[in-house]
Amino acid sequence: MKKLFVAALMLVTVLSTLGAQAQTKSKLEQDLEDFRTWMNKRVSQGDSITRAEWPVIKQEFRTRTQSLDRNSGQMSEASKQEYGELKTRYNEWEAEKEERYGDPLNRETAAAWERRLAGTNKIGQLKASQLRGTFIRFMENVRAQRTDWSLRDWDYAEHVYLLLSDRKQQVLSQMNNSDKMKVAALQLEFNTLRKSRDAKDRYNQMREQR
């Protein structure tokens, strides 16, 4: 009877171990699929990625690869090869972006732009009821000042925009529908103005290279 109990216990242990390994592999496969999808999406954005977004993208890469790196030994050979190719592709892409965005935003200058455009350095503490008014103030300042901005100025303006957009997502459930619609319209306007400036700059660069 004792031997039977021990054998049953060993069987349960083996089955539990196999089940845990299967779950780990399944999770790894899903993480790899998510990483592949993320890579394809980001790379396809091309020149639409701006300097202010770049640090966020690098952090996303680190977050998405932590688990994959830690458990890569449990991947199949095919998955290991694909993961290696995806990371190589990312590293080449990052090198290209770093050459373009190698000069990071200055913290003090960024803080000054937050005050200049949004009227506050505490965007992360704004209440849901304050988002609409702050976004309106931000876009009024963008419209009034943008004609004199360099591309570097636009980088700082976008830094402020991203802080406001992040705060919006954090308090979105507390905003009424009218405020949500107004802020969404202002976000669309800002992105249209920014992309228009980027397109103009790329056109001028192409003319200069001819």
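The values are calculated or read from the model by the stated rules, or taken from the named source; none is laboratory data. Computed from a predicted model, the values in this text were never measured in an experiment. Here the Cβ positions follow ideal geometry from the backbone for every residue, glycine too, while neighbour counts run over all protein chains shown. Remember, those area values only see protein heavy atoms, side chains included, never the ligands or the DNA or RNA. Shrake-Rupley method; radii C 1.70, N 1.55, O 1.52, S 1.80 Å.
Can you give the local net charge around Leu164? Use residues other than it whose beta-carbon is closer than 15 angstrom to its beta-carbon, Lys and Arg +1, Asp and Glu -1. Kindly include the intermediate steps, with their values, before the conclusion.
Values: positive: Arg115, Arg116, Lys122, Lys127, Arg132, Arg137, Arg167, Lys168, Lys180, Lys182, Arg194; negative: Glu53, Glu114, Glu140, Glu158, Asp166, Asp179, Glu189.
For residues surrounding Leu164, the net value is +4.
In sequence order, what are the phi-derived ³J(HN,Hα) couplings for segment 119-129 according to the Karplus relation 6.51 cos²θ - 1.76 cosθ + 1.60 with θ = phi - 60°, rounded to whole Hz, with x for glycine and proline?
x, 7, 9, 10, 4, x, 10, 5, 7, 4, 5
Over the Cα atoms, compute the radius of gyration (one decimal) and Dmax (the largest Cα-Cα distance, rounded to a whole number) for segment 111-158, in Å.
Answer for segment 111-158, Rg first and Dmax second: 11.0, 33 Å.
Tell me the accessible surface of Leu188 in square angstrom (1.4 angstrom probe, heavy atoms of protein chains only), to the nearest ten.
120 Å²
At 1.4 Å probe size, with no ligands or nucleic acids counted, give the accessible surface of Met181 in Å², nearest ten.
Solvent-accessible area, nearest 10 Å²: 140 Å².
Under the rule of at least 5 residues apart or a separate chain, name every residue whose amide H is placed under 5 Å from the amide H of Asn121.
HN-HN under 5 Å from Asn121: empty list.
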